[in-house]
Amino acid sequence: MALQPVIRRSVPEAVFDQIATDVLSGELPAGSALPSERRLAEVFGVSRPAVREALKRLSAASLVEVRHGGVTTVRDFRRHAGLDLLPQLVFRDGELDAGVFRSILETRLRIGPKVAELAAEQHGPELAALLDDSLRRLEASRSAVEWHRGTLEFWDHMVDSSGSIVFRLMYNPFRAAYERALGVLAAAIPARSTAPTRIVHWPRRSAPAMRTRRAAAPARSSNSPTPP
C-alpha cells in the first residue's frame, strides 16, 4: 500500500480517494486490516478527524468495515458495494478501465430497449418531440464531448419517460460513470462515428421505432381488459 501525502483540496475526500483506489485495485485485498487511524493520519499528513471522516465514507460505500476496538477491515466490494461505486471503478488513476466500461455498455445494450419500450407505452407525442429535439442537437453538435453529452440527454428523456423509479435510480450511477469518462470517450469515439457500434448509433435508430410503438399503444390499450 503506497500511501502519499495528501494535496489539500477536500482532505477527507483525498484520503478517501487514495484508500478507495487501493481497495478497488486489489492492492488492499478483502479481509486485510488498514493501519490505525493514528498511523493513517501520520502517513497522509492530515488530522485524525479528517481520517475518521474518510473512513466513514469508505464504510458507507461498503469498502471497509469499522469493527469494535477501532480495527478497520477491507470488505469485498464485489459482494457488498452497490452501483454508486461505478464512477470510481470506471476511471481510476487517470485511466479508463476498459473492462468496467465494457460492462456498462453491455448492460445498457440489454436494458435500453426495454426502457424504450416502457417509455413508448407510457407517453405519447411529447416523448417523440423530446427525442426528435435531442437527435437534432446530436446532429448539430460541433465536438465529440458535446455529442456524448447529447446522448446522455437523450437517455435522460428515455429513462424519465419510462415512469420507472427503479430504472431511474439504476441509470444515475451509469450516467455518472459515463460522465467521468467523457474526455476519454470523446477521443476514442468521435461524434458521428462511422464505426459499426450499436452503442453509438442506437439513439439515431430508436426514435422511429419509438413513434411506431407509440402509434400501436392505443390499439393495445383498447383491447386490454384492464381499465385505463
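Each reported figure results from applying straightforward, stated rules to the coordinates on display, with no laboratory input. Keep in mind that what you see is a predicted model, and the values were worked out from it rather than measured. FYI the Cβ positions are ideal-geometry reconstructions off the backbone, even for glycines, and counts take in every protein chain you see.
What translational diffusion coefficient, to the nearest whole µm²/s, does region 1-140 have by Stokes-Einstein, given a Kirkwood radius computed over alpha-carbon pairs, a temperature of 20 °C and 1.002 mPa s viscosity?
Diffusion coefficient, whole number: 120 µm²/s.
What dipole magnitude, in Debye to the nearest 20, does region 4-152 give about its Cα centre under +1 on Lys/Arg Cβ and -1 on Asp/Glu Cβ?
Its charge dipole is roughly 500 debye.
Quick one: Karplus J couplings for region 98-103, per residue in order, coefficients 6.51, -1.76, 1.60, θ = phi - 60°, nearest Hz, x for Gly and Pro?
4, x, 5, 5, 4, 5
Taking the Cα centre of region 11-81 as origin and charging only Cβ (+1 Lys, Arg; -1 Asp, Glu), how large is the dipole, in debye to the nearest 20?
My answer is approximately 260 debye.
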